[in-house]
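Enquirer: Just passing along the structure, written as structure tokens.
Taken together, the values in this text are just the output of simple stated rules run on the coordinates, not laboratory data. Since the structure is predicted, the reported quantities are computational estimates derived from the model, not experimental observations. Every residue, glycine as well, gets a Cβ built from its backbone with ideal geometry; the counts of neighbours run over all protein chains shown.
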Amino acid sequence: MSNFKVTLHRILNSSSQRSRQQLFEKLKSAATGGVWTKSCVRFFNDKLTCVRSIGLQCNVIAAHRVRRSGQILKLYHSLYGRSSPVQFFKKLGDLIRNNPKGKMFFLLGAAFFDWKENRVSDPDLNRVADELKVFFDLKTTDYHDKQGETWEKILDEDHFKLWRCPVQGSSLYKYKVFGSYKDIPARAFFNIQMDLEYRKTWDSHVMRLEKVEQDEQTGSEVIYWATQFPLGFLYNRDYVYVRRSKIDLKNNFMMLTAKSVDHPSFPVTKDFIRVGDYMSNMMIRPHTSFDDKGFDYVLSYYDDPHLSVPTWAVNRMTMSSLPAFLETLHVAAKNLCESKGYISRFKLDDTSDKV
């Protein structure tokens, strides 16, 4: 390289170094107290103030939500008692664990079912017991009950009697049946009606039958039942009902009671006609003990199948189908007693109330 080029390179290099030094000095002075620093500080202060305001607003909203939740829980306690919220969340947790693939609407529907309004209470059982006891030893042709209703005897045989009473505001009847069997024990006749799974084997009309949920306080159960209607050209029916059973060891009788209810998990659908007015009560009184053969029973029954046929046809069909169903129940209990699986299936540790 020529001397001229070397000299020019040194001059430019020294000038570039001085320029860089001057730029660094300016940036240093700006960073320590210049206009740019003040602008940055002001910007960050504004942002911090905004974040603090948002935080305060969130705290106010959260506090308001907490107060509202406390007020709602206080009101819920005053209406339904202190244990209801705990039972609700416990029940909801159990439903989610037991039905991980179920629909949330079904779970919430079961959780929000009002047991206080729909359970079968002890006074309900006592009222039904007083109503049925009379018909075990009734000798008269017609009977006038405490409600002023007249029960007309329309069938009188040695081991089967049938009464009917008109339903107020309707042309239909409700029925009471007295029956007696000597070839099976009372416990078999009782247990076979409680066993939903076994009913699916002997009742050919069952399309769906399952327990929806159970009340911890009384043992009442909500049952969903879909059944094929005997006349094939008519729509099938479904029921949602609450039932409760009782075994009274002291007075030597068993009871089954059921009544229709509404449940949010099983709304009315277009596939079935919902039987919304249904009632069935039964008292079983053994001749000796629950496990010895021989017992009497009284059944009280009513439902409105919503048939678009003359009511006389509905009443005639009920009068024929009710005894037929009871005989089917009797045969199913007898067959089960004669099978080897009866003892293993129905042990003496009943799950119903014992008194």
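Enquirer: Efficiency by 1/(1 + (r/R0)^6): what FRET value for D130 and L322, r their Cβ-Cβ distance, R0 = 30 Å, to the nearest 0.05?
Expert: Once the sixth-power term is evaluated, E becomes 0.85.
Enquirer: Are there trypsin sites (Lys or Arg not before Pro) in the stretch 113-158 that DSSP marks as loop and that have at most 12 other Cβ atoms within 10 Å, and which are they?
Expert: K139, K146
Enquirer: Expected output is a single nm value to one decimal: the length gained when fully extending between V268 and H287, i.e. 0.36 nm times separation in residues minus the C-alpha distance. What is it?
Expert: 2.6 nm
Enquirer: Can you pull out the trypsin sites (Lys or Arg not before Pro) in the stretch 203-291 that DSSP calls coil and that have at most 15 other Cβ atoms within 10 Å?
Expert: Here the trypsin sites (Lys or Arg not before Pro) that fit, given the DSSP loop and packing criteria, are K250, K270.
Enquirer: Estimate the FRET efficiency between T141 and D277 by the formula 1/(1 + (r/R0)^6), using the beta-carbon distance for r and 25 Å for R0, to the nearest 0.05.
Expert: Given R0 = 25 Å and the Cβ-Cβ separation, E is 0.35.
Enquirer: Tell me, rounded to the nearest percent, the portion of alpha carbon pairs in the stretch 146-213 spaced more than 19 Å apart.
Expert: 60
Enquirer: Tell me the relative contact order for the stretch 246-286 as a rounded percent, counting alpha carbon contacts under 8 Å between residues six or more apart.
Expert: Once divided by the residue count of the stretch 246-286, the mean separation gives 51 percent.
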